[in-house]
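Report on the structure given below.
The values are calculated or read from the model by the stated rules, or taken from the named source; none is laboratory data. As the structure is a prediction and not an experimental result, all values here were calculated from the model. All Cβ positions, even for glycine, are placed from backbone atoms using ideal geometry, and neighbour counts span all protein chains on display. The accessibility values were calculated without ligands, DNA or RNA, using every heavy atom of the protein model including side chains. Shrake-Rupley method; radii C 1.70, N 1.55, O 1.52, S 1.80 Å.
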Amino acid sequence: MGRKKRPFYRLVVLDSRKRRDGAYLANLGFYNPFCEPHEVNLHDDDIISWLDKGATMSETARSLLRSEGVLYKYSLIRAGLDADAVEVKMTEW
């Protein structure tokens, strides 16, 4: 998305059998690299629910989720921590 020389990216869920620019299943957030600091808005709960369903991500999406702490939160949930412990760990992070 965006315009010429000013890209704007959305993080979406696609069916692997559909074409790359086809209709998407869910919009999980966006990334705007031209703001200072970079503007990132991710829907953590939706992302985690899609990862629980077995969704795979691209390397670019993985690096974005890692830098925002979503993958850390997902690993804490997968480790079996309750919601309060996850929130404590995320505030420490």
Would you please calculate the Kirkwood hydrodynamic radius of the chain over all C-alpha pairs and express it in Å, rounded to one decimal? 14.6 Å
Of the residues Leu71, Ala26, Met90, the Cα lying farthest along the dipole of the chain towards its positive end, which is defined by charges on the beta carbon of Lys, Arg, Asp and Glu, belongs to Ala26
Given unit charges at Cβ for Lys, Arg (+) and Asp, Glu (-), the dipole magnitude of the chain about its Cα centre in debye, nearest 20, is 840 debye
Cβ neighbours within 10 Å, averaged per peptide: list 36-44, 8-16, 70-78 in order, most packed at the top. 70-78, 8-16, 36-44
Could I have the simple spin-label model distance between Arg66 and Arg19, label points 7 Å from Cα toward Cβ, reported in nm to one decimal? 3.3 nm
Report the full-extension gain for the segment Lys53 to Phe8: residue separation times 0.36 nm, less the Cα-Cα distance, to one decimal in nm. 13.5 nm
Mean residue ellipticity at 222 nm from the helices of the chain, using -39,500 (n - 2.57) per DSSP H segment of n ≥ 4 over the full residue count, to the nearest 500 deg cm²/dmol? -12000 deg cm²/dmol
The chain, relative contact order in percent, only Cα pairs under 8 angstrom and at least six apart counted: 16 percent
Considering only C-alpha atoms, what is the centroid distance from the stretch 1-31 to the stretch 58-92, in Å? 23 Å
With the other protein chains left in place, how much accessible area per residue, in square angstrom, belongs to the chain at a 1.4 angstrom probe? 76 Å²
So Asp44 and Arg78, fully extended at 0.36 nm per residue minus their Cα-Cα distance, gain in nm 10.8 nm
Accessible surface of the chain [probe 1.4 Å, protein heavy atoms]: carbon and sulfur percent: 50 percent
For the stretch 49-93, report the convex hull volume of the alpha-carbon atoms normalised per residue, in Å³, without decimals. 67 Å³
